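So the structure is just underneath, and the comments pick up after that.
The values are calculated or read from the model by the stated rules, or taken from the named source; none is laboratory data. Quantities reported herein were computed from a predicted structural model and do not represent experimental measurements. Reconstructed Cβ throughout: ideal geometry from the backbone, glycine too, with neighbour counts over all protein chains shown. For the accessible areas, the whole protein counts, side chains as well, though only heavy atoms, and no ligand, DNA or RNA atoms are used. Shrake-Rupley method; radii C 1.70, N 1.55, O 1.52, S 1.80 Å.
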Amino acid sequence: MAKQTTRREVLKGGAALGGLAAFGVPEWAFPALAQDEELVEFTDLPEEIVLERTPDRRIIDVRHIDGPITPADQWFTTQHYGHPDIDVGTYRLRVSGMVDRPLALSLTDLRNFPSRELVFGFECSGNRGPLNGLSSNGRWTGVPLRTVLQGAGLQDRAREIVFLGADRGEEEVVFRGRTYNVDQQYGRSLPRDIALSDEPLLAYALNGEPLTAHQGRPLRLLVPGWYGAPNVKFLSEINVQEDPYLGKYQARWYRTLKGEVINGELKWVETAITKMRLKSYIARVTKVGDHHRVFGVIMHDGTPIESVEVRVDDGPWEAATLDPTMTEKYSWKFFTWDWHGATPGEHTVTSRAVDANGYRQPTAEELEVKQTFLEQNNQHPRTLIIT
Ligand SMILES: Nc1nc2c(c(=O)[nH]1)N[C@H]1C(S)=C(S)[C@@H](COP(=O)(O)O)O[C@H]1N2
Ligand SMILES: [Mo]
């Protein structure tokens, strides 16, 4: 049932949203809507939202985003092999392979390098509507990856920098009808030029506090502007090699299959999950005094946002306002649009963003040429009832 709820009811309803309190999410996690603001419920959400929450997986409820920086205990989180047990005192980051000086760095060594702050919001490449809850934004602190790689001295033939987590599991490798069961670590790689660029960070803190197990204690890689998968948590080894790295989570699990017209012919192309594809989503609609307010979020690869627009039903696209305070390149971005004269009844509200390269967030129809569900950045029409 769609209905308007008061702030009090939202707070009460919070407990029903999959029993958040049971998962250690405190009541105050729900933000203050202004006293005169009432949440309008979406009808495209399942009546009882089950926010998947297990000890090592958490999805945010985007209707309750209440500030640019997601608190660490609310950050969305997921991983494939659970949380490895790491003794931070004896922890060493090993750098090996085609380097002049193999390294074994303690957390203290890493903290003694000049540090850098990075505001970076990312989403899991599997994040999609209507919930879009696998997205968050944080202020990270760490050491530029380049500092460590230059300390080790990359040899001339080195082409591929491989990042391995301390988390591991048995995986099946299928080869010509035969299956091999092998032990693997979570691993991802970056090409040499990207690894040596100014931006990737080896982060040991989120929002000023040491990383918790959820965020990859004690150290994780962050590749600004990219999806979640390359941001290797529990980072324990960096191996430098010449050959491409073809581990499961690099070469198989995170793939997009889509049709692309090349030389006038539709070709089926498989690509790796790298930069985030521009997406906007409407996170909540509220009634404020005599009108309604649409609030939304943009996830992007750092390319400046040219515009974001909202439309009601099949009406004209109207310019929404980007939050002018969110100037950090890799932050997620907020927008609002004031909706005057909403008529009672069921409506659809949709947003779309355009970036400075002229890339426009696609419609669901335009994205149909994509077969696999990752990188689902289409415009998502939300439905609601105005009373
Ligand atoms: N070591 C390790 N790192 C990992 C993963 C993992 O399974 N193991 N999962 C990746 C994926 S798919 C995502 S979306 C992000 C999630 O990061 P978060 O839990 O901090 O939100 O971590 C990435 N880094
Ligand atoms: Mo992910």
Amide H proximity to Trp226 below 5 Å, modelled H, separation 5+ or other chain, gives Met276
For the chain, what relative contact order do you get, as a whole percent, if you take Cα pairs closer than 8 Å and at least 6 residues apart? 17 percent
I need the Debye-formula profile for the range 78-255: one equal scatterer per C-alpha, no solvent, reported as log10 I(q)/I(0) at q = 0.10, 0.15, 0.20 1/Å, two decimals. -0.38, -0.87, -1.51
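Percent antiparallel among DSSP beta bridges with both residues in the range 78-255, to the nearest 5?
Given both bridge residues lie in the range 78-255, the antiparallel proportion sits at roughly 90 percent.
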What is the percent carbon and sulfur in the accessible area of the chain, measuring with a 1.4 Å probe over the protein chains and ignoring ligands? 50 percent
Where does the charge balance sit around Leu257 when Lys and Arg score +1, Asp and Glu -1, over other residues with C-beta under 14 Å from its C-beta? +1
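Helix-derived [θ] at 222 nm for the chain: sum -39500 (n - 2.57) over DSSP H runs of at least 4, divide by residue count, nearest 500?
-2000 deg cm²/dmol
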Against the 2.2 N^0.38 Å scaling, with N counting residues, where does the chain land? I'd like the Cα-based Rg ratio to two decimal places. 1.05
What order do you get for 275-284, 304-313 when each peptide is scored by the mean count of other beta carbon atoms within 10 Å, highest first? 275-284, 304-313
